[in-house]
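What follows is a short report on a single structure.
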Amino acid sequence: MPSKLPGTDQQFAGFIREDEIHDTLAAGKQASNEAVRRIIAKGRAAGGLSLAETAALLQNGDPVIQQELFDAAREVKLKIYGKRLVLFAPLYVSDYCLNNCLYCGYRRDNIFRRSRLTQEELAEEVRVLESLGHKRLALEAGEHPDACPLDYILDCINTIYSLKFKNGSIRRINVNIAATTVEEYARLKAARIGTYILFQETYHRDTYRRMHPEGPKSDYDWHTTAHHRAMQAGIDDVGFGVLLGLYDYKFELLAMLMHARELEETFGVGPHTISVPRLRPAFGVTLDQFPHLVPDEDFARIVAILRLAVPYTGLILSTRERAAFRDQLLDLGVSQTSAGSCTGVGGYRRENSKAEPEETLDTAPQFSVDDHRSPDQVLQSICQAGYLPSYCTACYRQGRTGDRFMELAKSGKIQDVCQPNAILTFKEYLLDYGSPQTKQAGEEAIGLHLAEIKNGKLRAETAEKLQRIEQGERDLYM
Ligand code: SAM
Ligand code: SF4
């Protein structure tokens, strides 16, 4: 197991001040409808919200105001992200785990046949993902320093980046693995990862202790300071998330924003992305064990409020949510979404190659997903909803990460590259992987979104690149 550097967790720990969160929530409850309307107006200007403002928004139950909140979130999303939606897929490489997280199918006490992909099996998974059009992955693993040490994760990253298939390759690997040391984060950085993602699960210390009874993850301070260590190691882009359903979501949201402010103050930049995972059934996990489940309506409000509170932070929605609901949430501020996800080790090969049943009987996914559409079907409905799928990874490949990315995003200049790059990467998808129906919906979408590029020179340049892609060139971006 990697040795913890003495003091690193203690150096930063303690920035989640529970009393302050409870006080802020209590004060926010008193906010009048008028005050909440002023907060929504402030949010609409895309300058972000304070904790106190967020607390007031979270606790206003007026249906008319809720609609105003949704409208404002839609406006901010359009202003900053346009109609673009970035696509990715999770890739599980190992389900060995020392922890006993009560909500997780991979937890130590669950008995099933555990596995870790060989590099050959990994290549096969990536081949399937690539044949579905994916360019961006989130690499996922349980925590087990012996069965799945960092060296193995680094081998996986090298293998994935080295693979080239017909027209495609994976261009960005985000990594969602357990909290570790500054030295190990530095090695992940050297392996050219995209975002380092780690979910806090719950910021509520007592709930955290109950949910994580055993294993290295049971150390709240070690877990909560992981993003600090990643940033100390030079990783620019980090991703947050709370597992919605473990504790009161109002507390969790304020705590997550407190965490974001802490990183901004310490490192000059907050989280690159926030995920909104909601608790799902899993092997040995039924939802009736959890008293804080989040209903759909509150979930939608969470997405909209986050969009106003941290307008420049990407919001990631997963296939934990069902298809029709996912489509509604696009409007409220989601900027990245997974599609066609498997949450088990070797899942993509099994689903796509009809492997022998005895090989699959005793494996388990981490949790069950609720959107079972293929990526192609997801893309079709994204286009039909007026959105533009994007496989762009240009920022990361051009070194526009961390504060450099945030500066560009806040200046609005990023729009000049994002919209053309979304169009170009989606065109590649349609030519190489699109079904006839998606091709039709996609070409219409491209026509529409191309016309929306206001700068004539940029529009012409994009059109010229589209032609080159038609003629067989690939990986063209601004
Ligand atoms: N094992 C590492 C960890 O726990 O930090 C890496 C991440 S794990 C592979 C991915 C995430 O899945 C966890 O952080 C957790 O939030 C989420 N997860 C676990 N069980 C879940 C469930 N039953 N429903 C929804 N999400 C779940
Ligand atoms: Fe292991 Fe992560 Fe699941 Fe916890 S959430 S049991 S650490 S895989």
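Return yes when Tyr433 is in contact (Cβ under 8 Å) with a residue 24 or more places away in the chain, more than 15 Å from Val86 (Cα to Cα), open to solvent by 20 Å² or more (accessible area, probe 1.4 Å) and within 24 Å of the chain's Cα centre (by Cα) and no when it is not. First the steps, then the outcome.
On the way: in contact (Cβ under 8 Å) with a residue 24 or more places away in the chain: yes; more than 15 Å from Val86 (Cα to Cα): yes; open to solvent by 20 Å² or more (accessible area, probe 1.4 Å): yes; within 24 Å of the chain's Cα centre (by Cα): yes.
Against the criterion (in contact (Cβ under 8 Å) with a residue 24 or more places away in the chain, more than 15 Å from Val86 (Cα to Cα), open to solvent by 20 Å² or more (accessible area, probe 1.4 Å) and within 24 Å of the chain's Cα centre (by Cα)), Tyr433 qualifies.
If you go through region 88-138, how many residues are over 24 Å from the mean Cα position of the chain (by Cα) and small (Gly, Ala, Ser)?
Going through region 88-138 one residue at a time, the tally reaches 1.
When residues of region 159-218 are filtered for being part of a helix (DSSP H, G or I), away from ligand 1 (no atom under 14 Å from the Cβ), in contact (Cβ under 8 Å) with a residue 12 or more places away in the chain and closer than 30 Å to Leu424 by Cβ, how many remain?
4
Taking region 114-151 as the region of interest, how many residues are more than 16 Å from ligand 2 (Cβ to nearest atom) and touching a residue at least 60 places away in the same chain (Cβ under 8 Å)? Please lay out each step first, then the result.
The first filter runs over region 114-151 and keeps only residues more than 16 Å from ligand 2 (Cβ to nearest atom), leaving 118-137, 151.
Checking the rest, the ones that are also touching a residue at least 60 places away in the same chain (Cβ under 8 Å) come to 121, 124-125, 128-129, 131-136.
The qualifying residues number 11.
For region 99-119, which positions are surrounded by fewer than 23 Cβ atoms within 10 Å (Cβ to Cβ) and among the basic types (Lys, Arg)?
Those that are surrounded by fewer than 23 Cβ atoms within 10 Å (Cβ to Cβ) and among the basic types (Lys, Arg): Arg108, Arg113, Arg114, Arg116.
Could you list, in sequence order, the residues of region 404-434 that are modelled with pLDDT of 80 or more and under 26 Å from Met231 (Cβ atoms)?
Taking region 404-434 first, the residues modelled with pLDDT of 80 or more are 417-434.
Val417, Cys418, listed by residue number.
Select, from Gln336, Gln377, Gln366, the only residue that is open to solvent by 50 Å² or more (accessible area, probe 1.4 Å) and modelled with pLDDT of 90 or more. Walk me through how you get there before you give the answer.
Working: Gln336 fails: open to solvent by 50 Å² or more (accessible area, probe 1.4 Å); Gln366 fails: open to solvent by 50 Å² or more (accessible area, probe 1.4 Å).
The unique qualifying residue is Gln377.
In region 268-327, which residue that is among the hydroxyl-bearing types (Ser, Thr, Tyr) and in contact (Cβ under 8 Å) with a residue 24 or more places away in the chain is nearest to Pro365 (Cα to Cα)?
Of the residues in region 268-327, the ones among the hydroxyl-bearing types (Ser, Thr, Tyr) are 273, 275, 286, 312-313, 318-319.
Now narrow it down to the ones that are in contact (Cβ under 8 Å) with a residue 24 or more places away in the chain: 273, 275, 312-313, 318-319.
Numbers: Thr273: 24, Ser275: 20, Tyr312: 33, Thr313: 29, Ser318: 15, Thr319: 13 Å.
That would be Thr319.
Look through region 123-158, keep the residues that are assigned to a loop (DSSP other than H, G, I, E, B) and of a type in the set (A, V, I, L, M), and return whichever of them is nearest to ligand 1 (Cβ to nearest atom).
Looking only at region 123-158, we keep the residues that are assigned to a loop (DSSP other than H, G, I, E, B), and these are 132-135, 142-149.
This time we only want the ones that are of a type in the set (A, V, I, L, M), so: 132, 147.
Numbers: Leu132: 20, Ala147: 13 Å.
Of everything passing the filter in region 123-158, Ala147 is nearest to ligand 1 (Cβ to nearest atom).
If you go through region 308-323, how many residues are more than 16 Å from ligand 1 (Cβ to nearest atom) and out of contact with any Ser or Thr (no Cβ under 9 Å at 6 or more places or on another chain)?
Of the residues in region 308-323, 3 are more than 16 Å from ligand 1 (Cβ to nearest atom) and out of contact with any Ser or Thr (no Cβ under 9 Å at 6 or more places or on another chain).
The conditions are (1) within 16 Å of ligand 2 (Cβ to nearest atom); (2) open to solvent by 10 Å² or more (accessible area, probe 1.4 Å), and His212 fails exactly one of them. Which is it?
Condition (2) is where His212 drops out.
Of Tyr92, Tyr96, which residue is within 11 Å of ligand 1 (Cβ to nearest atom), crowded, with 23+ Cβ neighbours inside 10 Å and not assigned by TED's automatic domain parsing to the domain that holds Gln419?
Values: Tyr96 fails: crowded, with 23+ Cβ neighbours inside 10 Å.
From the options Tyr92, Tyr96, the qualifying one is Tyr92.
Please specify each residue of region 144-164 satisfying the condition of being touching a Phe, Trp or Tyr at 6+ places or on another chain (Cβ under 6 Å) and open to solvent by 30 Å² or more (accessible area, probe 1.4 Å). Quick ask: steps written out before the conclusion?
At the first step, the residues of region 144-164 found to be touching a Phe, Trp or Tyr at 6+ places or on another chain (Cβ under 6 Å) are 144, 147-148.
Passing the criteria: only His144.
Exactly one condition in (1) more than 16 Å from Ser341 (Cα to Cα); (2) touching a Cys at 6+ places or on another chain (Cβ under 9 Å); (3) open to solvent by 10 Å² or more (accessible area, probe 1.4 Å) is not met by Ala141; state its number.
With (1) more than 16 Å from Ser341 (Cα to Cα); (2) touching a Cys at 6+ places or on another chain (Cβ under 9 Å); (3) open to solvent by 10 Å² or more (accessible area, probe 1.4 Å) applied to Ala141, the lone miss is (1).
Going residue by residue through region 445-456, is there one that turns out to be open to solvent by less than 40 Å² (accessible area, probe 1.4 Å) and not in a helix (DSSP H, G or I)?
yes
Go through region 395-426 and count every residue that is of a type outside the set (Gly, Ala, Ser) and touching a Gly at 6+ places or on another chain (Cβ under 9 Å).
The first filter runs over region 395-426 and keeps only residues of a type outside the set (Gly, Ala, Ser), leaving 395-398, 400-401, 403-408, 410, 413-421, 423-426.
The next check asks that each one be touching a Gly at 6+ places or on another chain (Cβ under 9 Å); those that pass are 396, 401, 403, 406, 415, 418-419, 426.
The total comes to 8.
For region 43-58, check the following and say yes or no: at least one residue is more than 26 Å from His272 (Cα to Cα) and open to solvent by 40 Å² or more (accessible area, probe 1.4 Å). Break it down into steps so the answer makes sense when it comes.
Of all residues in region 43-58, those more than 26 Å from His272 (Cα to Cα) come to none.
No, that holds for no residue.
Go through region 376-418 and give me each residue that's within 30 Å of Ser131 (Cβ to Cβ) and among the aliphatic types (A, V, I, L, M).
Result: Val378, Leu379, Ile382, Ala385, Leu388, Ala394, Val417.
Only one residue in Lys427, Lys465, Lys410 is open to solvent by 70 Å² or more (accessible area, probe 1.4 Å), among the basic types (Lys, Arg) and in contact (Cβ under 8 Å) with a residue 40 or more places away in the chain. Which one?
Numbers: Lys427 fails: open to solvent by 70 Å² or more (accessible area, probe 1.4 Å); Lys465 fails: open to solvent by 70 Å² or more (accessible area, probe 1.4 Å).
Answer to the check: Lys410.
Is it true that Asp206 is out of contact with any Lys or Arg (no Cβ under 6 Å at 6 or more places or on another chain), at pLDDT 95 or above, surrounded by fewer than 23 Cβ atoms within 10 Å (Cβ to Cβ) and not β-branched (Val, Ile, Thr)? Lay out the reasoning, then the answer.
On the way: out of contact with any Lys or Arg (no Cβ under 6 Å at 6 or more places or on another chain): yes; at pLDDT 95 or above: yes; surrounded by fewer than 23 Cβ atoms within 10 Å (Cβ to Cβ): yes; not β-branched (Val, Ile, Thr): yes.
In short, yes.
The values are calculated or read from the model by the stated rules, or taken from the named source; none is laboratory data. Quick caveat, the model's predicted, so the values are computed rather than measured. Methodologically, a virtual Cβ is constructed for each residue, glycine included, from the backbone with ideal geometry; neighbour enumeration extends over all protein chains shown. Side chains are part of the model used for accessible areas, which takes the heavy atoms of the whole protein and leaves out ligands, DNA and RNA. Shrake-Rupley method; radii C 1.70, N 1.55, O 1.52, S 1.80 Å.
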